[in-house]
Ligand SMILES: [Zn+2]
């Protein structure tokens, strides 16, 4: 029996394939809310390099179909920008690809939360399909360079930020950046499983890349102006956490008594609670990206959301 909350009944728009350059494509799944991520691919003479897969079996299938329409060449390489299920659940559907990710991406996927299957306390009404755990099996720590024929593709580790294992994909000759979930366009940033301070560092670093086109982890394709929006929100989280922490309020109490102001337009507002849990850990002086009690952070997030699972139309 599936328990579909009314807030999940809205339908997601049909994903779009956007050609970013002669050989680079982005697959955009709006509205970019929970589970609706962006992926992409680079077409070479001999094969295709893919960036991330999707949340459900069906969604990855549709993504692969979109790739095949552009090129029938084999998919030889898959890069995961980080561990989360919306970026990795479909890995197993590319059985001939070398899967590359950060060392901690592999570790986290094997340790904890992937594939995201029912029952998952955060979601209801998602048709997962038959997901099979398929983590990266070529890993790196800091940087790795790939080539699609002569197109250079740089992977840079930027964590801990959105998670402990964020990797960006930078195509220098074309100044195209796939940022993974360091950037959300139109959605609330989410750093519960990473770091607030680390994210701010990563955003500062992102500004050093002369990006012409940015494919964010979620939301429409954009440019580097979005980086400042993310910074503003995370600074607001740090300020809010500091004030709540000093008053002895819990992260949930702090969230409930906070006016989101200019950030209330973004979807997935409840992420403030997870973000505050992470900010509190940093105020206690714990190492950036260290383990926190995710279960209680998630449960507080759902309380903030009126006791409902998150709005997920994936
Ligand atoms: Zn993510």
Only one of (1) touching a residue at least 12 places away in the same chain (Cβ under 8 Å); (2) assigned to a loop (DSSP other than H, G, I, E, B); (3) more than 16 Å from the ligand (Cβ to nearest atom) does not apply to residue 95, and that is (1)
Picking from 197, 205, 154, 173, the residue that is more than 16 Å from the ligand (Cβ to nearest atom), free of Cβ contacts under 8 Å to residues at least 60 places away in the same chain and either in contact with a helix residue (DSSP H, G or I) (Cβ under 6 Å, 6 or more places away or on another chain) or over 23 Å from residue 103 (Cα atoms) (or both) would be 173
Taking first residues from the range 70-92 that are within 19 Å of residue 23 (Cβ to Cβ) and touching a residue at least 60 places away in the same chain (Cβ under 8 Å) and second residues anywhere that are within 16 Å of the ligand (Cβ to nearest atom) and assigned to a loop (DSSP other than H, G, I, E, B), the pairs with Cβ under 8 Å that are 6 or more apart or on different chains are 79/52
Within the range 90-112, restricting to residues that are buried (at least 21 other Cβ atoms within 10 Å of the Cβ) and modelled with pLDDT under 95, the one that is nearest to residue 76 (Cα to Cα) is 109
Quick count over the range 224-264, residues being exposed (fewer than 12 other Cβ atoms within 10 Å of the Cβ) and under 30 Å from residue 173 (Cβ atoms), is 2
Practice task
Return yes when residue 191 is within 16 Å of the ligand (Cβ to nearest atom) and out of contact with any helix residue (DSSP H, G or I) (no Cβ under 9 Å at 6 or more places or on another chain) and no when it is not.
Solution key: no
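Could you tell me whether residue 184 is out of contact with any helix residue (DSSP H, G or I) (no Cβ under 9 Å at 6 or more places or on another chain) and crowded, with 23+ Cβ neighbours inside 10 Å?
Answer is no for this residue.
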Among strands (runs of 3 or more DSSP E) entirely inside the range 21-80, those with 1 or more residues being surrounded by fewer than 24 Cβ atoms within 10 Å (Cβ to Cβ) are 24-28, 39-43, 75-79
Answer yes if at least one residue in the range 59-69 is within 16 Å of the ligand (Cβ to nearest atom), on the phi < 0 side of the Ramachandran plot and modelled with pLDDT of 95 or more, and no otherwise. yes
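The values are calculated or read from the model by the stated rules, or taken from the named source; none is laboratory data. Keep in mind the model is a prediction, meaning the values are calculated, not measured. Virtual Cβ from ideal backbone geometry, glycine too; neighbours counted across all protein chains shown.
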